Amino acid sequence: MDLPIKFERVKGLLAAVAPFAWLALLAFAVWSLGKEWGGFHLDELDDALRRIGVWHLSIALLLTAASLLCNASLDLVALRWLGKSLPTGGVLGTALIAGSFSMNGGGTILGGGAIRLRFYGQYGLGGSEIARITGFLMVAGWLGHAFLAGIMMCWSPPVLDWLPATMGRGIGVALLMTCLAICVLSAVGFRGRPVRFLPPWKVMLAAMIVSGFDWLFAGLALRVFLPAEIPTPAFLAATAVGQAIGAASHVPGGIGVMELFITKFTNGMVASPVIVGALLTYRLTYYLIPFVIAVAAVSFREIWSRRHWAKKTMDGTGKAWSAIAPRLAGMSALAGGFVLMLSANTPMDASRKLVLEKFIPLPFVEASHFLSSIAGTVMIIVASGLLRRVQAAWWIAVAMASGGILFSLLKGFDWEESIVLFVFLGALLPFRSKFHRHAGIWTRRFSLQWWGLILSIVGLAIWFGFYTSRHIGYENELWWQYSFDNDAARLLRGMAGSAMILITVALIQWFRPAPPRARGPQPPMEMISEMVSRTARCSSALALVGDKEFLLNYEQSAFLMYGDQGRTRVAMADPVGDEEKFEGLYWRFMEQAHDDGMRVAFYQVGASMMPVCVEMGLRIYKLGEEAMIPLDTFDLASSELKKFRKVMNRMEREGWIFEIWQPDVVAARLDELRSVSDAWLAHHQAKEKGFSLGRFTDDYVRQLPVAVILVQGKVIAFGNIWPGNGKDELSTDLMRHVPDAPNGVMDCLFVSMMLWGKEQGYRWFDLGMAPLSGLAGNQFAPLWSRIGGLIYDKGEAFYNFNGLRAWKSKFQPVWHPRYLAISKAWDLPAAILDITTLIGKPSIRKRKDGSSPTKETLPDDRLITPDPS
């Protein structure tokens, strides 16, 4: 077995195991906490919670606010480093909301990346700038933590059997020296050269201090719940280390992991019931309450931004939430389902139990407990459907939340859980139109990572129920005992109901018939042509080439064109048709590819589809920039375009004639165009191109207008025309000339097409993409951007990167970014190889509707050789 095959297998194994890393840590933490917290009775925990009064909660909330404000201030430092001036209030608000989402979601689907991208994008920041801010915040956060932990370890290291005080202080000195070394490296550089990936030392120092105060206030917000005799510096040192391990684990919110290590590091300082009560309260004040406020702030911010449109408030708000509402719904469903299960699995409050016995019959209480567990489990399961905007998932979530409110009140007057579910309903009901997709909820197989998330949440709720009833011995008779005092029996029945739901869903997914690998007949080309003719985006004409397959939405009002190569299914550019259906097409395309065992790649994605790709969890890589010429300002009299006046004067002097042939004329004179094309291919020793570019075939060429340059009645150059509907965009695809054409003839052809387009009222002329241009090369740029930038600068021997952009820049274009979106970062090399092969290999592809086969060849290098000179 050769090395590449071994590497692929190892990479595949790591890709399969990686999603479960944080789940394994969570499971280990829960198991370990069971051992750490198992040595005391619930009465001791109740006493510890009762000693926490309103004064403690008030101080903790103030310290939490100070910590979050310091964390948000890091965004201001990052923007100052970038040289960007944004409204201070807007920056702090965005940072506070995104920080709360990230603090509770970490690196999972529940994180706050979409929040920052959404709100900072409104201020005009690009994706690369937001990525630099994110990288800066990560570095500043860890640097500030090391700074604080170092000070506290030097001052008063925690007293542990395995950590002598001398060693603890040594660790503290090492952390402080590391912080100092990084600041010095930023100030003086390495061997006299500045370190590009580090900000200036003043910015670095300011960020470290602000971040240090953030961690300090976070630790004090926990310390306030503990008795006064506990040494504060030693406790803060232990808390700092525990919080760091929780953050590094990538478990959402560090839940379980942070509690475990803080418990272990404070084992000699705080009694177990006291630290457990403090940690549970801290989880509420520092994590849950800010998160609820952040969700409310997002809602208010979006509604307020649409306050002037009274008649369209709901529709306008829903559109603004298009990248956020499903994520909030999915997160809220997970949280609401967990709250329902947790409430059903824990003993009833004694005072409320007395009221229940007087007013609610026992069968209603028993049924409400059982149905509450069922409703919570179902809400957790349908969270995946909410993230995918499935309509049935919305209906089920609304029904389960409504039932959960009733069940919570009947089983124990649990008004707290009812309020949580009521808030969830309030956030879900106004956005029914955003959940418009008709797709399977649990019949479509969940990913292994999603199954792990479901099982961890349900398992945690069940474990907590067993933990609260650990003093009751198991007996078979418990299953059939019914009384107001028998909480353990209700726990067992609720657990059985949840397990039944999970097993049923798993069996349905497991035994679901595999979808056929051979897809059905493709839509007729007449339908595709009609949809292309109604589309403003001129590149939709690529659908007419005949080398692609199509995925239509259920209403057949939009389609996505794609091709398969190896294990990669490649979608070409943005969808075509009804823009309201684009997002659903992206989801359906990815789901069908997943069912067929294919990796997905969205090739040349526009900026308008970026929020959808982020919402789908795709990795995004910039491919280059597309040159768009604004025709309303295209004037040869301007100084920037005067270089083209010479060739246009030559055209007039030598009698060159520019004409636009409509499709009927093209069909009649097709042989003339074919002879020019064949001569051009033979002279350049080139083959026809495919997938991302058209090719000269009779069926394709005669569907579109063609611009020609005639000399003495003979065609010497031509380019077919892509006219966008509504006269918004215009472009050309096939560009050919005879080998002995005069110098400057292609410049003349392009300028003439642009002037003609301006006369016809078109707004833009699309010159195509300049590959790898515009990629950021700074210290916080992604690895792909730095590699691509290096290839762009040094790869002239293999491809005319700089020359292509320089030629297009002569026309004074506006550059628009184009992207590649894939599922996993590790798929990037394979996806690029498959895309290149799909574009470049000579192959025969026959459409399933019976149309003639065509060939595919080299990568998209549109307009690389526009002029024979």
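The values are calculated or read from the model by the stated rules, or taken from the named source; none is laboratory data. The structure presented is a predicted model; accordingly, all values stated were derived computationally and were not measured. Cβ placement follows ideal geometry from the backbone for every residue including glycine, while neighbour counts extend to all protein chains displayed. Accessible surface areas use protein heavy atoms only, side chains included; no ligands, DNA or RNA. Shrake-Rupley method; radii C 1.70, N 1.55, O 1.52, S 1.80 Å.
Checking each residue in the range 615-626 for being outside any loop (DSSP other than H, G, I, E, B), open to solvent by less than 30 Å² (accessible area, probe 1.4 Å) and touching a Ser or Thr at 6+ places or on another chain (Cβ under 7 Å) picks out G624, E625.
Please verify whether the range 311-321 includes one or more residues that are within 30 Å of G617 (Cα to Cα), modelled with pLDDT under 75 and not in a helix (DSSP H, G or I). Checking the range 311-321: at least one residue is within 30 Å of G617 (Cα to Cα), modelled with pLDDT under 75 and not in a helix (DSSP H, G or I). Of the numbered criteria (1) at pLDDT 85 or above; (2) open to solvent by less than 40 Å² (accessible area, probe 1.4 Å), the one F40 fails is (1). Looking only at residues in the range 627-639 that are assigned to a strand (DSSP E or B) and open to solvent by less than 10 Å² (accessible area, probe 1.4 Å), which one is nearest to I822 (Cα to Cα)? For the range 627-639, the residue satisfying everything is A627. E654 meets each of the listed conditions (1) of a type in the set (D, E); (2) in contact with a helix residue (DSSP H, G or I) (Cβ under 7 Å, 6 or more places away or on another chain); (3) exposed (fewer than 11 other Cβ atoms within 10 Å of the Cβ) apart from (2). Within the range 438-475, the only residue that satisfies the criterion of being modelled with pLDDT under 70 and among the polar types (S, T, N, Q) is T443.
I'd like to know if the range 158-166 contains one or more residues that are under 35 Å from the mean Cα position of the chain (by Cα), part of a helix (DSSP H, G or I) and on the phi < 0 side of the Ramachandran plot.
No; the residues of the range 158-166 include none that is under 35 Å from the mean Cα position of the chain (by Cα), part of a helix (DSSP H, G or I) and on the phi < 0 side of the Ramachandran plot.
The set of residues from the range 76-97 being in a helix (DSSP H, G or I), open to solvent by 50 Å² or more (accessible area, probe 1.4 Å) and more than 18 Å from F291 (Cα to Cα) comprises L76, R80, T88, G89. Here the range 659-703 is the region considered, the condition is being assigned to a helix (DSSP H, G or I) and touching a Gly at 6+ places or on another chain (Cβ under 7 Å), and the residue that is nearest to Q760 (Cα to Cα) is Y700. What are the pairs with Cβ atoms under 6 angstrom where one residue, in the range 524-543, is within 11 Å of V576 (Cβ to Cβ) and the other, located anywhere, is assigned to a helix (DSSP H, G or I) and open to solvent by 20 Å² or more (accessible area, probe 1.4 Å)? Sequence gap at least six, or different chains. That search, which allows pairs on different chains as well, returns R534/N725; T535/N725; A536/N725; A536/G726.
Yes or no: G563 out of contact with any His (no Cβ under 6 Å at 6 or more places or on another chain) and more than 25 Å from L767 (Cβ to Cβ)? It is false that G563 is out of contact with any His (no Cβ under 6 Å at 6 or more places or on another chain) and more than 25 Å from L767 (Cβ to Cβ).
The rows are residues; the columns are (1) within 21 Å of I457 (Cβ to Cβ); (2) open to solvent by less than 20 Å² (accessible area, probe 1.4 Å); (3) out of contact with any Gly (no Cβ under 6 Å at 6 or more places or on another chain); (4) among the charged types (D, E, K, R).
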residue	(1), (2), (3), (4)
T232	no, no, yes, no
F235	no, yes, yes, no
G242	no, yes, yes, no
G254	yes, yes, no, no
V274	no, no, yes, no
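Residues being under 31 Å from the mean Cα position of the chain (by Cα), of a type outside the set (D, E, K, R) and open to solvent by 20 Å² or more (accessible area, probe 1.4 Å) are represented in the range 174-197 by at least one member.
Within the bounds of the range 142-149, is there any residue that is modelled with pLDDT of 80 or more, surrounded by fewer than 20 Cβ atoms within 10 Å (Cβ to Cβ) and in a helix (DSSP H, G or I)? Scanning the range 142-149 turns up at least one residue that is modelled with pLDDT of 80 or more, surrounded by fewer than 20 Cβ atoms within 10 Å (Cβ to Cβ) and in a helix (DSSP H, G or I).
Can you say whether I380 is closer than 21 Å to A506 by Cβ, in contact (Cβ under 8 Å) with a residue 12 or more places away in the chain and open to solvent by 10 Å² or more (accessible area, probe 1.4 Å), as far as the supplied structure shows?
Criteria not met by I380.
The number of residues in the range 131-167 being among the β-branched types (V, I, T) and more than 18 Å from M103 (Cβ to Cβ) comes to 3.
Residues in the range 195-203: is at least one among the aromatic types (F, W, Y) and assigned to a helix (DSSP H, G or I)? Checked against the condition, which is being among the aromatic types (F, W, Y) and assigned to a helix (DSSP H, G or I), the range 195-203 yields at least one hit. Within the set R327, R307, R301, the sole residue that is in a loop (DSSP other than H, G, I, E, B), at pLDDT below 75, open to solvent by 10 Å² or more (accessible area, probe 1.4 Å) and basic (K, R) turns out to be R307. Give all pairs with beta carbons closer than 6 Å in which a residue from the range 43-69 that is under 15 Å from G219 (Cβ atoms) meets a residue that is aliphatic (A, V, I, L, M) and in a helix (DSSP H, G or I); count only pairs at least 6 apart in sequence or on separate chains. Matching pairs, first to second residue: A60/A221; L63/L220; L63/A221; T64/A221; S67/A218; L68/L96.
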